[in-house]
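In what follows, a single structure is set out as structure tokens and then discussed.
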Amino acid sequence: MESLDNPVRRYAWGSRTAIAELQGRPVPTPHPEAELWLGAHPGDPSFVLDARGNRRSLLDELRADPVCRLGAPNLARWGGRLPFLCKLLAADEPLSLQAHPSTEQARAGFAREQADGVPLDDARRSYKDDCHKPEMICALTEFHALAGFREPAGTVRLLRALDVPELAGHLELLAGQPDPAGLRALFSTWITLPQQMLDRLVPAVQEGCVRLLHGTGNGGDPAGGATGSDFRAEARTVLELSERYPGDAGVLAALLLNRVTLAPGEALYQVDGVLHAYLSGLGVELMANSDNVLRGGLTPKHVDVPELLKVLDFAAGPAPVASSETDGAVTRYQQVAEEFQLWRLDWSPGSSGEVVPLPMDGPRIVLCTRGQVRVTAGSGRTLTVVQGQSFWLDAADTAVKASSVDAPAQLFLATDGQCRPGD
Ligand SMILES: [Zn+2]
């Protein structure tokens, strides 16, 4: 059991307040802080701190003693690599429109780019490793996202409510084929439109959104029963995206996706091939330990449309909001991948001192997001964490229990998919 010191990633879309406030540092920070990485990703590993305050890379520590650190089952399954990466994610601005490949696609893509001699740090590189990247984000503040294709019937109603003459042909395409093939046809059309056409179409869509928000549109599809007011959040999002990325095909693609607002504690997951874009908010993110992102727009970064079209899943449905089960203080989120499992522990006001056993197998990363918590391992070692602090538990750290010093308090736990609840 050791405290963690975690690297901050300074992407331009990050927040100058959210992560620093949680960690009790002065705000605003000099640079936007987008992500705090808790894990052993080769690109930016966490450091473990011993009792004397010495820092050692978690990556090196895992290599030095994998059996104690990871445990035999985890080691046998994942070959000495921590299978998950946990992040604190703070988005002030939208992240790119993206999807992640399946394991098979990642293996093939990685091998191809290696054979082509594209350096790993090249901005045009799409496959950084040969792993898939399922992910889950759990909101700490209200969190906004676009995730998964909306049912085509709903999108047809949205397009009718926007009432953009320039989109009439596109609307008919989807209305005539309201299924995954129709979505593929429309998305492929939009994402490959020449810039000249996008420069006409995106402003026309903007105008449609403004009309819808001002209630001066056609009010939607009378036959479908929807009114423009059903799509106000969608229209506002399209306007925000188009102001930031004028003429970007991703603005049109956003019309096809579910617009999601998560309340704190709610989680959204992305499995292989699901198109998504995080818009704003602070959350705990947990994912397979990979960096494979295929972008389709809404970003200054490398966009790889042909590869994105190869991996996208055009099945439509409601947004992939995760279910969860709560047993006392412990909430366990729906498991969506073998690599990871997300857990949350809550101490409500007045429950100070209540002792809760932590999930018990394999390597675990624990982040305190509220209050103050004392942790005791079976070995007798203790550690106290406050909001914003985190620690690492070896597989060899058994019978670990936590109690709040100062309630309300909250911990998030990242484990591998085999981890069982504590008892
Ligand atoms: Zn993603």
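A few remarks follow.
- Criterion violated by Leu298 - all others in (1) closer than 23 Å to His41 by Cβ; (2) within 16 Å of the ligand (Cβ to nearest atom) satisfied: (1)
- Hey, Asp44 assigned to a loop (DSSP other than H, G, I, E, B), closer than 24 Å to Pro83 by Cβ and either of a type in the set (Val, Ile, Thr) or free of Cβ contacts under 8 Å to residues at least 40 places away in the same chain (or both) or not: yes
So that you can scan it fast, the table gives a plain yes or no per residue for (1) surrounded by fewer than 22 Cβ atoms within 10 Å (Cβ to Cβ); (2) of a type in the set (Lys, Arg); (3) closer than 30 Å to Val251 by Cβ:
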site	(1), (2), (3)
Glu33	no, no, yes
Asp44	yes, no, no
Leu49	yes, no, no
Arg55	yes, yes, no
Glu61	yes, no, no
Leu70	no, no, no
Gln105	yes, no, yes
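- Hits in segment 372-388 - residues which are of a type in the set (Gly, Ala, Ser) and at pLDDT 95 or above: Gly388
- Tabulated pairs, segment 56-79, first within 15 Å of Glu338 (Cα to Cα), second at pLDDT 95 or above and of a type in the set (D, E, K, R), C-beta under 7 angstrom, 6+ apart or interchain: Asn74/Asp416
- Flag if Val405 is crowded, with 18+ Cβ neighbours inside 10 Å and outside any loop (DSSP other than H, G, I, E, B): no
- Test: Pro94 is of a type outside the set (D, E, K, R), in contact with a strand residue (DSSP E or B) (Cβ under 7 Å, 6 or more places away or on another chain) and modelled with pLDDT of 95 or more: no
- Restricting the search to strands (runs of 3 or more DSSP E) fully inside segment 293-387 and requiring at least 2 residues that are within 30 Å of Ala76 (Cβ to Cβ) and not basic (Lys, Arg) gives 324-327, 330-333, 341-347, 355-357, 364-376.
- Tally, over segment 191-215, of residues that are polar (S, T, N, Q), surrounded by 11 or more Cβ atoms within 10 Å (Cβ to Cβ) and over 29 Å from the mean Cα position of the chain (by Cα): 0
- If you check Val321, Val375 for being of a type in the set (A, V, I, L, M) and more than 16 Å from the ligand (Cβ to nearest atom), only one passes: Val375.
The values are calculated or read from the model by the stated rules, or taken from the named source; none is laboratory data. Here the structure is a predicted model, which is why all the values come from computation and not from measurement. Note that we place each Cβ from the backbone using ideal geometry, even for glycine, and neighbour counts take in every protein chain shown.
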